[in-house]
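In what follows, a single structure is set out as structure tokens and then discussed.
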Amino acid sequence: MVRRKLQKANTVLLFCFLIIVGLYYGSSFLIPLTFAIFFATLVFPVSNFMEKKWNMGRVVSSFLSTLLLFIGIGLLIFFLFRQLGVFLNDLIDRKDDILGYLNSMQVELMESTGFTVEQQENMIKEKMASILQGIQGFITGLLGGITGILGNFFLVLIYVLLLLINRDKFVDFIMKYISGENKEEAREIMQQTRKVAHKYLWGRIQVMTLLGIMYTITFLAYDLEHAGLLIIFGVIITIIPYIGPLLSGILPILFMIIFGGSSLEIISFSILVIIIQLIESYVLEPVIIGSEVQQSPLFVIIAIILGGALWGAAGLILFVPIFGILKIIFDHSRELKPLGFLIGYERPGAGEDFFEKIKEKLKN
């Protein structure tokens, strides 16, 4: 009996190890495909609506849905890079101010350490070759990354189009591996998984939109420089739990400190940004996204770390909803239900009732 249990445990560990190895070495193939699957669940209701209400063919409705996705993401990328270009041009225009600030830093460094300005310049010259090499490597990597992102973006769109066109075929393919008595439950699991994935993505878009509105009002009220860049970046980065909201709040405060503003303005602005972050994390997300994919903070952190280690930046975005979908699958499996309970997050009763009351009021 003990030997059989050890063999079973070893089999499970080996299976998990093989999955992790496969995810790591297959990342170049799996990342675009996973993005495409999530985006397909997002635009599936649009394609389905066109087919049923407007009597469009499957290919036409899938193409138009993919086109809408392309326009939405394309506009977001366009405005992000446009605002980034404005920011870089502003840095070039401020080069005299930057040089003056660097000179003052050199003087302060000389007063605190005893190194003269000439000694500091000699030290910089000695390191200049490695610095230039590092900058060159960074620019090369950045250009390569942008090219890779654009290439993967179009690959994802092709995947989305094909997934929408052949969606019934993929469902039938899965059902062929399910025994007769379990077909109904398997179909229910697939429908629930699709609904939860769609609700997570659509809810995330709604939260990001409301966050962008609050940021826009606050940044314009304080006349914050490069507000457009900070709004777009701050909204996008919040898709990464914990890390995203932290960066989304810190950067505007740093810009407020660097580009001017009295102490009172900086303090009041910082308080408003913190309040916005609290509203986004503790009001908007629970009310709009709901508890279906809510995970315990421990497993959210595990998902972020594991995703970042295996898939880099893409893993930071994808692994949290992937864990949420796994939770749904576990909840519908008798053997794996304890894992779903472990991953899930149960709020205290009072807090849960509070959020349910807010939902009911918004619905009414």
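Scan the range 307-319 for residues that are modelled with pLDDT of 85 or more and closer than 28 Å to residue 186 by Cα and jot them down.
307, 315, 318, 319 - these are the residues of the range 307-319 that are modelled with pLDDT of 85 or more and closer than 28 Å to residue 186 by Cα.
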| said: Cβ-Cβ under 9 Å, sequence separation 6+ or interchain: first residue in the range 296-318 and in the same structural domain as residue 205 (by TED's automatic domain parsing) and in contact (Cβ under 8 Å) with a residue 60 or more places away in the chain, partner crowded, with 21+ Cβ neighbours inside 10 Å and not in a helix (DSSP H, G or I). Which pairs? | reply: none
| message | Go through (1) at pLDDT 85 or above; (2) under 19 Å from the mean Cα position of the chain (by Cα) for residue 164 and report which single condition fails. | response | (2)
| said: Please determine whether any residue of the range 283-293 is under 29 Å from residue 25 (Cα atoms) and either assigned to a helix (DSSP H, G or I) or in contact (Cβ under 8 Å) with a residue 24 or more places away in the chain (or both). | reply: yes
| task | Look at the range 78-93 and say how many of its residues are within 19 Å of the chain's Cα centre (by Cα) and free of Cβ contacts under 8 Å to residues at least 40 places away in the same chain. | result | 2
| Which of the residues belonging to the range 191-243 are outside any helix (DSSP H, G or I) and either on the phi < 0 side of the Ramachandran plot or touching a strand residue (DSSP E or B) at 6+ places or on another chain (Cβ under 8 Å) (or both)? | 222, 224, 225, 238, 239, 240, 241
| query | When residues of the range 239-256 are filtered for being modelled with pLDDT under 85 and in contact with a helix residue (DSSP H, G or I) (Cβ under 6 Å, 6 or more places away or on another chain), how many remain? | reply | 6
| message | Here is a list: 66, 140. Which entry is hydroxyl-bearing (Ser, Thr, Tyr), in a helix (DSSP H, G or I) and at pLDDT 85 or above? | response | 66
| Residue check: is residue 76 in the same structural domain as residue 36 (by TED's automatic domain parsing), at pLDDT 80 or above, under 24 Å from residue 40 (Cβ atoms) and out of contact with any Leu (no Cβ under 9 Å at 6 or more places or on another chain)? | yes
| What are the residues in the range 185-194 that are at pLDDT 80 or above and surrounded by fewer than 14 Cβ atoms within 10 Å (Cβ to Cβ), if any? | 188, 191
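The values are calculated or read from the model by the stated rules, or taken from the named source; none is laboratory data. The structure displayed is predicted, hence computed values, not measured ones. No Cβ is skipped: glycine too gets one built from the backbone with ideal geometry, and neighbour counts run over all protein chains shown.
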